[in-house]
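Just below is one structure, and these are the notes that go with it.
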Amino acid sequence: MTQPLPYSPGLENVVATTTRISYLDVEHEQIVVRGYDLIELARKRPYLDVAYLLLYERLPDAAESAAFRETLRREASLPEEMYRLFALLPKTTDPMDALRTGLSFLAGYEDPAFLADTSREANLRKGLRILARAPIIAANAYRALQDQPFVEPDPALDFSENFLWMILGQRPDDLAVRVFDTILTCYIEHELPNSTFAARVIASTLSDIYAAVVGAVASLKGPLHGGANEAAIRMLLEIHEQGGPARAEAYVLERLHRKERIMGFGHRVYMRRHDPRALLLQDFIPLLVDRRPEGRELYEIYQTVERVMLREKGIPPNTDYPIGLLLYLMEVPIPLYTPIFLCARVAGLVAHVVEQHENNRLYRPRVLYEGPRGLRVPE
């Protein structure tokens, strides 16, 4: 008799691939990226240096870093037709759907033979274009949805500053750029979450890198994945509207009693251990609280919710919790939080697609069938 195949709901604790890119070392509460601690990288290197590390498997020296930035500046422009596409989007379009549509549209500008080329060199060239252009799509598609004027990238600005400039429509200060750059680094790579797995599954069919990244966008849109940052800040704002800090503890206890999820807490891999990215980013919050009138009250609510969750459930926050508040304090529109996550993650996605194509095996899992058998078709 054939033995049933092992089954793990949600593929929990199932090893799906080997990789040289990253690993979540839960025991040591460390995110390993190409051999380095991601938190140390975030403290000591800018986002683009970590992106270079992911793509080329080494940290760049000064000359390589400058050349990498120059390459991204040259690629940081969109065909004029794309801005017309943004203007045609229905105003009800979700910004993640707008980003997904824009990336699909952009793929059409590649030569078909080059688009289908899955070699390392071709994937890296196309990946750099996606990395350079995804922020332009995210920011300006959203601007079109809000009937705001387009803000094209400024070649005089570095990557993170440019991204904020296109989002805000004004030059960000040095602190905002530093915090935003650190957020991008914290989002850049995280082993094999749902969106990265989706990209690798698509890549395993030998589909092109644009298709793989577009699939990751669709996956990241969900509130249990990339959308958690938006859900976390909306929860804090809801508590603020219902009564402020004095309401926070009761709000959490009521939701826990109803067995509702508290967004920004819990993680499939970390479980009850700390997300090291959250520990790093929370230290920036006091530096930004006075940028919005309600900032200090939101921070007090933030601290109360965290304290109650640790006391009642023993669950610390994940990185989406501080990021939601940080982006809000920098006046980044909430619907852009998840597109920002995706744009930051592009470097990691490209690295995974390259790795998948270099040592490919088509993903084709099985199921545990629970339906009926032996039914007869009526005459």
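Just so it is clear, none of the values below were taken in a lab; they were calculated from the coordinates. The shown structure was predicted, so the numbers you read here are calculated from the model rather than taken from an experiment. When we count neighbours, we look across all protein chains shown, and the Cβ atoms used for this are built from the backbone with ideal geometry, even at glycine.
With a/c under 1.5 counting as rounded, go ahead and sort the range 234-314 into rounded, prolate or oblate using the C-alpha gyration tensor (a ≥ b ≥ c being the square roots of the eigenvalues; past the cut-off, prolate if a/b is larger than b/c, else oblate).
oblate
Place the peptides 87-95, 322-330 in order of packing, highest mean first, counting for every residue the other Cβ atoms within 10 Å and averaging per peptide.
Details: 87-95: 13.2, 322-330: 24.9.
Most protected by this proxy first, the peptides run 322-330, 87-95.
Ranked highest first by average number of other Cβ atoms within 10 Å, how do 255-266, 179-190 line up?
Top to bottom by mean Cβ count within 10 Å: 179-190, 255-266.
From Cα pairs below 8 angstrom and at least 6 apart in sequence, can you work out the relative contact order of the chain, rounded to a whole percent? Don't skip to the answer; put the middle values down first.
Working: 501 pairs, mean separation 86.6, N = 379.
Dividing the mean separation by the residue count of the chain yields 23 percent.
Does the range 181-284 come out rounded, prolate or oblate, given a ≥ b ≥ c as the square roots of the eigenvalues of its C-alpha gyration tensor, rounded meaning a/c under 1.5 and, failing that, prolate meaning a/b above b/c?
Taking the square roots of the gyration eigenvalues as a ≥ b ≥ c, the range 181-284 is prolate.
Could you pull out every residue, at least 5 positions away or on a different chain, whose amide H is within less than 5 Å of the one on residue 266? Hs are placed 1.01 Å off N in the peptide plane, and Pro or chain starts have none.
For residue 266, whose amide H was placed from the backbone, the distant partners under 5 Å are 318.
Give the shape of the range 205-255 as rounded, prolate or oblate, defined through the alpha-carbon gyration tensor: a ≥ b ≥ c are the square roots of its eigenvalues, a/c under 1.5 means rounded, and otherwise the shape is prolate if a/b is larger than b/c and oblate if not. Display every interim value, and only then the final one.
Numbers: a/c = 7.55, a/b = 4.07, b/c = 1.86.
Cα axes put the range 205-255 in the prolate bin.
Regarding the range 291-357, what's the average projected area of the Cα-atom convex hull, expressed in nm²?
6.2 nm²
At q = 0.12, 0.19 Å⁻¹, what log₁₀ I(q)/I(0) does a Debye calculation on the Cα points of the range 1-152 give, no solvent, two decimals?
For the requested q values the scattering log ratios are -0.75, -1.18.
Pull up all non-local amide H partners of residue 30: gap of 5 or more, or a different chain, and H-to-H distance under 5 Å with H placed in the peptide plane.
Residues meeting the criterion, in which the H sits 1.01 Å from N, are 25.
On a straight-distance basis, which lysines could pair with residue 259 in a cross-link, Cα separation under 24 angstrom, same-chain partners fewer than 8 positions away excluded?
221, 313
Mind listing the phi-derived Karplus ³J(HN,Hα) values for the range 367-372, rounded to whole Hz, using 6.51, -1.76 and 1.60 with θ = phi - 60°, and x for any glycine or proline?
With the stated coefficients, the range 367-372 comes to 10, 9, 6, 10, x, x Hz.
I'd like the FRET efficiency for residue 246 and residue 291, computed as 1/(1 + (r/R0)^6) with the beta carbon distance as r and R0 of 22 Å, rounded to 0.05.
0.40
With all pairs of different alpha carbon atoms counted, what Kirkwood hydrodynamic radius in Å does the chain show? Each step should come with its number before you reach the end.
Details: mean 1/r = 0.0457 Å⁻¹.
Mean inverse Cα-Cα distance, inverted, gives 21.9 Å.
Note the full-extension length gain between residue 80 and residue 258 as 0.36 nm times their separation in residues minus their Cα-Cα distance, in nm to one decimal. Could the numbers behind the result be given before it?
On the way: separation 178, 0.36 × 178 = 64.08 nm, distance 5.05 nm.
59.0 nm is the gain from fully extending residue 80 to residue 258.
Return the long-range amide H neighbours of residue 22 (sequence gap of 5 or more, or a different chain), with a cut-off of under 5 Å between placed amide H atoms.
So residue 22 has HN proximity to 34.
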